[in-house]
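> Can you read through this structure? Questions will come right after.
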Amino acid sequence: MFKKLLSITLAALMVLSFAAVFTGCGSNNSSSNSSGESSGKSADSLKFGFIYLHDENSTYDNNFLTAAKEACEKMGAEMINKTNIDESDACKEAALDLVDQGCDIIFADSFGHEDFMIEAAKANPDVQFLHATGTKAHTEKLDNFHNAFASIYEGRYLAGVAAGMKINEMIEEGKFTKDEAKMGYVGAHPYAEVKSGYTSFYLGAKSVCPTVTMEVKFTGSWYDETLEKEAANKLISDGCVLISQHADSMGAPTACESAGVPNVSYNGSTVSACPNTFIVSSKINWAPYFEYAIKCVQEGKAIDTDWTGTIATGSVELTEVNEKAAAKGTQEAIDAAKADLESGKINVFDTANFTVKGEALTSYMADVDTDAEFKGDTEVIKDGVFEESKYRSAPYFDVDIDGISVIE
C-alpha cells in the first residue's frame, strides 16, 4: 500500500512539474491583472463549475455551454453545470453548492449574477470566481474574482457589413430605394453592452451602405421569445428591411423567417430554423478564456482581473455565411473588413464615422468604474477613436449616435 501511495504521489508531482514549464497566464489580453498566485492543481483533479441564466434553449447560454464542454474536455477538467439560475440569491446558493462539490473555478454568465458571485468569492478566497460581462472586478480588487468579455463589437461590425451588402443587393433589385434602407434591431436592455453592439453593427452596415438607418426596440428582458417576436414584427411593420438582435431566444429570427425578411442573428447560426432568411451570426467563443483560466489554476498563476478576448485570440467569430440568403460577395467583403480590423486600418468606433446631434464627438467621459449614478469617470477618446473595452473588459460605449433611433 505504501508503495502504491508513493507512486501516486510521485506521479502527481511530475504532473505539476510538467505544468510549470508552460506559461500563458497573465496580462496578454487584459486591461489589468490580479496579484494573487497559488500552488497549482493537476488537470485530472480540477473541477470547473458553471452557472447559466438559462439552458441550451437560449442561444446565449447554449454558446457558453458548448464552449465550456469543449474547453473542459480539451484541458482534462471535470465540468459541473447549473442551468436556469436567475439573477438573485439563487446565484449565490448555486455558487456555494459548487464550492461544496469541490469546484476550484466557478463561472457565471449573466450580468445580474455579478453581486452574488462577489459575495461568494469573499466567503471562499481559495476558489476562483469568473464572471462574464461584469464591471466590478477592477474596483473590488479581489484576488479570486475576475471579469471577462471579448471585443464582440468587431464581430458585430463584420455582421453589419454582411447586412449592408444584403441591403445594397435589395436596392439594386428595386425592392426599395436607397433612402428607404432601414434596419431594425431587437435589444434586450438599454445597457452599454447592447448599445455598443448595435452601434458597431450599424457602423458596419453603414460602411458599405452609406444611407442606411436603424430603429431599435427594447424588450426589457434577455430572454422572452414572445416579446422578441413581437418586437421584430413591430420593426418589420415599421418598414425595416432587415433585422438583427441582442436578445437570446429564437423569437426575432423566426419572425423574420415567417415574414421573409433577412436576419442577422447572434450567438450562433439559426440556419436550420430559418434557411431562407438567416445571413450570418457573430458570437463570442468562450473556449479560449475557459482554457486560459484552467491553465492558470493548474500552474498556480494569477488570472487577469479583466480579460478581453479578440478576433486574434479566436474569441470573436462569425458563423458560416448562408449563401442562400446572403448577397453575392458577402464572404469576400467580410474577409476584407476582418483583415482591416486585425491590421488596425479600421477602428470600429472611429469618431470620423459617426456624429452625435450633428457634431463630431471629440471627448467622452465613460462610466468605467460604475457607480450607482452611472457617472462618467474616464476619458475614452484618444486620437479620434473611442477606445472600447480598453479600461475594463465589459463594454462602456453608451453613446446615442445619429442614424439610430429607439422606438416604443
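The values are calculated or read from the model by the stated rules, or taken from the named source; none is laboratory data. Since the structure is predicted, the reported quantities are computational estimates derived from the model, not experimental observations. Cβ: placed from backbone, ideal geometry, glycine included. Neighbour counts: every protein chain shown.
> Given the criterion under 22 Å from Asn144 (Cβ atoms) and at pLDDT below 95, identify the matching residue among Ser58, Ser45.
Ser45
> Which condition does Ala255 not pass, out of (1) of a type in the set (Gly, Ala, Ser); (2) without any contact (Cβ under 8 Å) to a residue 12 or more places away in the chain; (3) crowded, with 21+ Cβ neighbours inside 10 Å, if it passes all the others?
(2)
> Looking at this structure, is Tyr364 farther than 30 Å from Gln128 by Cα and in contact with a strand residue (DSSP E or B) (Cβ under 9 Å, 6 or more places away or on another chain)?
Working: farther than 30 Å from Gln128 by Cα: yes; in contact with a strand residue (DSSP E or B) (Cβ under 9 Å, 6 or more places away or on another chain): yes.
Considered against the rule, which asks whether it is farther than 30 Å from Gln128 by Cα and in contact with a strand residue (DSSP E or B) (Cβ under 9 Å, 6 or more places away or on another chain), Tyr364 comes out as yes.
> Please work out if Tyr223 is at pLDDT below 95 and either over 17 Å from the mean Cα position of the chain (by Cα) or not in a strand (DSSP E or B) (or both).
The answer is yes for Tyr223.
> In region 269-293, what count of residues is obtained for those that are within 19 Å of Glu73 (Cβ to Cβ) and of a type outside the set (A, V, I, L, M, F, W, C)?
5
> Here's a check for you: in region 238-264, which residue that is among the polar types (S, T, N, Q) and at pLDDT 95 or above is farthest from Asn276 (Cα to Cα)?
For region 238-264, the residue satisfying everything is Gln245.
> Something else now. Which residues, counting only those in region 192-220, are in a loop (DSSP other than H, G, I, E, B) and closer than 30 Å to Ala336 by Cα? Talk me through it step by step, then tell me what you get.
From region 192-220, those in a loop (DSSP other than H, G, I, E, B) are 207-212, 219-220; that's our starting set.
Selection gives Ser207, Val208, Cys209, Pro210, Thr211, Val212.
> Give me a count of the residues in region 284-332 that are small (Gly, Ala, Ser) and within 30 Å of Gly260 (Cα to Cα).
As a first pass, look at region 284-332 and keep what is small (Gly, Ala, Ser): 287, 293, 300, 302, 309, 312, 314-315, 325-327, 329.
Next, only the ones that are within 30 Å of Gly260 (Cα to Cα) stay: 325-327, 329.
Residues meeting the conditions: 4.
Residue-wise test of (1) in contact (Cβ under 8 Å) with a residue 24 or more places away in the chain; (2) more than 18 Å from Thr308 (Cα to Cα); (3) touching a Ser or Thr at 6+ places or on another chain (Cβ under 9 Å); (4) of a type outside the set (Ser, Thr, Tyr).
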site	(1), (2), (3), (4)
Leu96	yes, yes, no, yes
Val99	yes, yes, no, yes
Phe107	yes, no, no, yes
His146	yes, no, yes, yes
Ile152	yes, no, yes, yes
Asn168	yes, yes, no, yes
Lys182	yes, yes, yes, yes
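> Taking into account only those residues within region 257-292 that are touching a Phe, Trp or Tyr at 6+ places or on another chain (Cβ under 8 Å) and of a type in the set (A, V, I, L, M, F, W, C), which is nearest to Met165 (Cα to Cα)?
Looking at the filtered set, the residue picked out is Val264.
> Mind listing whichever residues of region 69-103 are farther than 20 Å from Ser249 by Cα, within 19 Å of the chain's Cα centre (by Cα) and not basic (Lys, Arg)?
Glu70, Ala71 - these are the residues of region 69-103 that are farther than 20 Å from Ser249 by Cα, within 19 Å of the chain's Cα centre (by Cα) and not basic (Lys, Arg).
> Specify the residue that is surrounded by the fewest Cβ atoms within 10 Å (Cβ to Cβ); the eligible residues are those in region 133-144 that are out of contact with any Ser or Thr (no Cβ under 6 Å at 6 or more places or on another chain) and outside any helix (DSSP H, G or I).
Once the filter is applied, the top-ranked residue is Lys141.
> Counting only residues that are assigned to a helix (DSSP H, G or I) and not polar (S, T, N, Q), which one in region 234-252 is surrounded by the most Cβ atoms within 10 Å (Cβ to Cβ)?
In this case the residue turns out to be Ala252.
> Checking the conditions here, which among Asn322, Asn347, Asn353 is modelled with pLDDT of 95 or more and within 23 Å of Ala148 (Cβ to Cβ)?
Values: Asn322 fails: within 23 Å of Ala148 (Cβ to Cβ); Asn353 fails: within 23 Å of Ala148 (Cβ to Cβ).
Of Asn322, Asn347, Asn353, the one residue that is modelled with pLDDT of 95 or more and within 23 Å of Ala148 (Cβ to Cβ) is Asn347.
> Which residue out of Phe111, Phe107 is touching an Asp or Glu at 6+ places or on another chain (Cβ under 8 Å), crowded, with 19+ Cβ neighbours inside 10 Å and under 18 Å from Ile284 (Cα atoms)?
After applying the criteria, what remains is Phe111.
> So is Ala293 modelled with pLDDT of 95 or more, assigned to a loop (DSSP other than H, G, I, E, B) and surrounded by 16 or more Cβ atoms within 10 Å (Cβ to Cβ) or not?
Details: modelled with pLDDT of 95 or more: yes; assigned to a loop (DSSP other than H, G, I, E, B): no; surrounded by 16 or more Cβ atoms within 10 Å (Cβ to Cβ): yes.
When the stated conditions are applied, Ala293 does not pass them.
> If you take the residues of region 306-317 that are surrounded by fewer than 22 Cβ atoms within 10 Å (Cβ to Cβ) and of a type outside the set (Gly, Ala, Ser), which of them is farthest from Gly155 (Cα to Cα)?
For region 306-317, the residue satisfying everything is Thr313.
> Another question about this same structure. Can you tell which of Ala337, Ala366 is in the same structural domain as Ala192 (by TED's automatic domain parsing), surrounded by 19 or more Cβ atoms within 10 Å (Cβ to Cβ) and of a type in the set (A, V, I, L, M, F, W, C)?
Going through Ala337, Ala366 in turn, the sole match is Ala337.
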